[in-house]
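Report on the following structure.
The values are calculated or read from the model by the stated rules, or taken from the named source; none is laboratory data. Because the structure is predicted, anything quoted here is derived from the model rather than measured. Here the Cβ positions follow ideal geometry from the backbone for every residue, glycine too, while neighbour counts run over all protein chains shown.
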């Protein structure tokens, strides 16, 4: 299915505000037969898959431009993610849209705040995880990219503990398991269990099921890292 057919039924909140200003004409040109259907989502503020996809494209462009150059490894990562998540035709259209958005100035704070105000928390966490995936696609996480992702996280009102948890999934150190759970290495057994239960709810793949099976599968990978971190700590501490 092409990108035009994905969004012809009408975007929700992404057709308005700074995101709409960036991609409005691109969205219109992507829809077969013109823009007659573009306004159908205007009466609803509910998030559609189109909203999520457009948000993904805009933030992808922002992160890829952070260090002043677009790397092939990053673009390959994005292409594969789009292909798995949205199918061949929509992925091809999304890449074309991405190339155009890369040429535009992105008001990062305004765009990120718009996403933060309209997207549910679990989907915002999924976006953040994806952005770190882009940053580390070439095996090296650039400092400017990390700083930009942190800014996006703050604008979207993501908790610091959740940001650090996701960031830790892309870094290896002796305290990575504790960092993934958002706690210190001297946390009590009760604090560890509470942290895990809280994250198990916030990061559960079912929270983003409305975005489709492939996006949900990506969320499952992240959820598995949380579970693995918890099991690692349990084994190290010797509690059940």
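Do we have residue 128 as touching a residue at least 60 places away in the same chain (Cβ under 8 Å), outside the structural domain of residue 237 (by TED's automatic domain parsing), surrounded by 15 or more Cβ atoms within 10 Å (Cβ to Cβ) and touching a helix residue (DSSP H, G or I) at 6+ places or on another chain (Cβ under 9 Å) here?
On the way: touching a residue at least 60 places away in the same chain (Cβ under 8 Å): no; outside the structural domain of residue 237 (by TED's automatic domain parsing): yes; surrounded by 15 or more Cβ atoms within 10 Å (Cβ to Cβ): yes; touching a helix residue (DSSP H, G or I) at 6+ places or on another chain (Cβ under 9 Å): yes.
Judged against the criteria, residue 128 is not a match.
Please verify whether residue 146 is more than 16 Å from residue 227 (Cα to Cα) and touching a residue at least 12 places away in the same chain (Cβ under 8 Å), treating the condition exactly as stated. Yes; evaluated as a whole, the condition is true for this residue.
Just to be sure, is residue 137 part of a loop (DSSP other than H, G, I, E, B), over 19 Å from residue 182 (Cβ atoms) and modelled with pLDDT under 90? In short, yes. Residues in the range 98-111 that are over 16 Å from residue 152 (Cβ atoms), more than 17 Å from the chain's Cα centre (by Cα) and touching a residue at least 40 places away in the same chain (Cβ under 8 Å): 100, 102, 104.
Just one of the numbered conditions (1) in contact (Cβ under 8 Å) with a residue 12 or more places away in the chain; (2) surrounded by 15 or more Cβ atoms within 10 Å (Cβ to Cβ); (3) under 16 Å from the mean Cα position of the chain (by Cα) is not true of residue 216: (1).
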